[in-house]
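**Q** Attaching a single structure in structure tokens format; questions to follow.
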Amino acid sequence: KVFMNTLKYLQTNELLLDVDLWRLFANLEELNKISLSFLETFFEAVKEHIRKSNSPMDYSSILKKFFQGDLCQTHQIYCLNYTSAVFYLENLRQREEFVIYLKQWCEQNEQCKRLHLSELLVAPLQRLMRYPLLLNNIWKRSTDEIEKGFIQSFKEKVEKSIRDLEGKVKWLDNFQKFRQLQEVIIWPQVWDRDKRFFVPECLKQSLRENSSENILCSTNRLLLHEGRLTLAESTRLLDIYLFLFNDFLLITKIKHHKKKYGGSDTNLMPLCPSLTPELQSFIREGGFCTVLDQPIPLDRLILKNVDPIHVTVFSLRNAFLIQHENRYRQCIAVFLLQAQTEAAKKTWMSQIETAISNYSMQHEIKKSTTFCLPAEPSGI
């Protein structure tokens, strides 16, 4: 509330007017109101129970009022905005006047106890996670069996609410990450990727590969592993960035803008906090990733270790080989990759092998499900 009310005060004085209060704090005021109401009602009941020592504690009416009401729903609204709020906050930190507001106007306030805004924004999520513990403790101390049944049902309701929320937050986080990747990853046209393909200018418009830019839009696609590697070419070593998804591997070349991320000539969105620190740093430096070759489906990918003996013979370090096969099992591309350390190499190979195994297993399950459909009636 220190951060929120201070920002409101500054905006009434025509400072930081473009900062969106909702994007940072969502329904925090409503959340505070209903949480405080729950707390006060609960403690009033406890005081009444202590004052009338012989009277039973009436838990069910209090829990019914709040847990069948808006308590969980209000938390869910706040929590669903949380990832976006952190995302927005990280972008605002690039501005000097916003940093002054954080450090000089808010963080020095004694009530903040030297905590940063990012550390405080997570508190409502943690509170929601503790409600099942509270309900479980109440259930243990209740002596009435009917009341215990009520409390158990509320506990299950809150736990289901948390499970639903976790799924929604994970989906939103993945959605934002892939939106960011779409901005960072550039898909060159086929004639730019390979000079063997000649296309006259008059035909290029009709052959534009617009669909390739939307390849990351699938809601079922997950990013499993990523990072910088080196690609050994015939005459040079090329810095690349690999993206391992749950259905294909994407190899990209590292490029750099002349201006850093956030310049006036860029339309990139704010950095997503769920991206790896390495990629975030790379983007801030003006980097982007140009697709080197077509995506390699995991069922067409052959992974091979490079024997340590070749390290001295061919000056290879921590190397492994990726082979791309077509549907006829012909090798159509080979990539000789080098990791920075032996441990990084082992991690990459393990991640790729696991991804291939999981993809094959899911494919087999789909096939068996298709072939096990109920047989058609003999009369048809």
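The values are calculated or read from the model by the stated rules, or taken from the named source; none is laboratory data. Quick caveat, the model's predicted, so the values are computed rather than measured. All Cβ positions, even for glycine, are placed from backbone atoms using ideal geometry, and neighbour counts span all protein chains on display. The accessibility values were calculated without ligands, DNA or RNA, using every heavy atom of the protein model including side chains. Shrake-Rupley method; radii C 1.70, N 1.55, O 1.52, S 1.80 Å.
**Q** Of the residues Thr235, Thr230, which single one is surrounded by fewer than 15 Cβ atoms within 10 Å (Cβ to Cβ), of a type in the set (Ser, Thr, Tyr) and either modelled with pLDDT of 90 or more or assigned to a loop (DSSP other than H, G, I, E, B) (or both)?
**A** Answer to the selection: Thr235.
**Q** Can you report the number of residues in the stretch 195-222 which are modelled with pLDDT of 80 or more and not in a helix (DSSP H, G or I)?
**A** 8
**Q** Do the conditions hold for Lys204, that is, is it open to solvent by less than 50 Å² (accessible area, probe 1.4 Å) and outside the structural domain of Leu242 (by the TED database)?
**A** Considered against the rule, which asks whether it is open to solvent by less than 50 Å² (accessible area, probe 1.4 Å) and outside the structural domain of Leu242 (by the TED database), Lys204 comes out as yes.
**Q** Working only within the stretch 318-359, note down all residues that are without any contact (Cβ under 8 Å) to a residue 60 or more places away in the chain, buried (at least 16 other Cβ atoms within 10 Å of the Cβ) and assigned to a loop (DSSP other than H, G, I, E, B).
**A** Asn318
**Q** Also, quick follow-up: Quickly run through the stretch 40-91 and pick out the residues that are more than 33 Å from the chain's Cα centre (by Cα) and aliphatic (A, V, I, L, M).
**A** Answer for the stretch 40-91, where residues must be more than 33 Å from the chain's Cα centre (by Cα) and aliphatic (A, V, I, L, M): Ala45, Val46, Ile50, Met57, Ile62, Leu63.
**Q** Only one of Leu125, Leu89 is assigned by the TED database to the domain that holds Asn13 and free of Cβ contacts under 8 Å to residues at least 60 places away in the same chain. Can you tell me which?
**A** Only one candidate qualifies: Leu125.
**Q** What residue, of Arg163, Arg179, is open to solvent by 90 Å² or more (accessible area, probe 1.4 Å) and either hydrophobic (A, V, I, L, M, F, W, C) or within 30 Å of Phe288 (Cα to Cα) (or both)?
**A** Arg179
**Q** Can you tell which of Thr74, Thr41 is β-branched (Val, Ile, Thr), part of a helix (DSSP H, G or I) and either in contact (Cβ under 8 Å) with a residue 60 or more places away in the chain or crowded, with 18+ Cβ neighbours inside 10 Å (or both)? Spell out how you get there, then give the answer.
**A** Working: Thr41 fails: either in contact (Cβ under 8 Å) with a residue 60 or more places away in the chain or crowded, with 18+ Cβ neighbours inside 10 Å (or both).
Testing whether each residue is β-branched (Val, Ile, Thr), part of a helix (DSSP H, G or I) and either in contact (Cβ under 8 Å) with a residue 60 or more places away in the chain or crowded, with 18+ Cβ neighbours inside 10 Å (or both) leaves just Thr74.
**Q** Only one of Tyr261, Tyr241 is surrounded by 15 or more Cβ atoms within 10 Å (Cβ to Cβ), assigned to a loop (DSSP other than H, G, I, E, B) and either modelled with pLDDT under 80 or outside the structural domain of Leu135 (by the TED database) (or both); which?
**A** Unique residue meeting the criteria: Tyr261.
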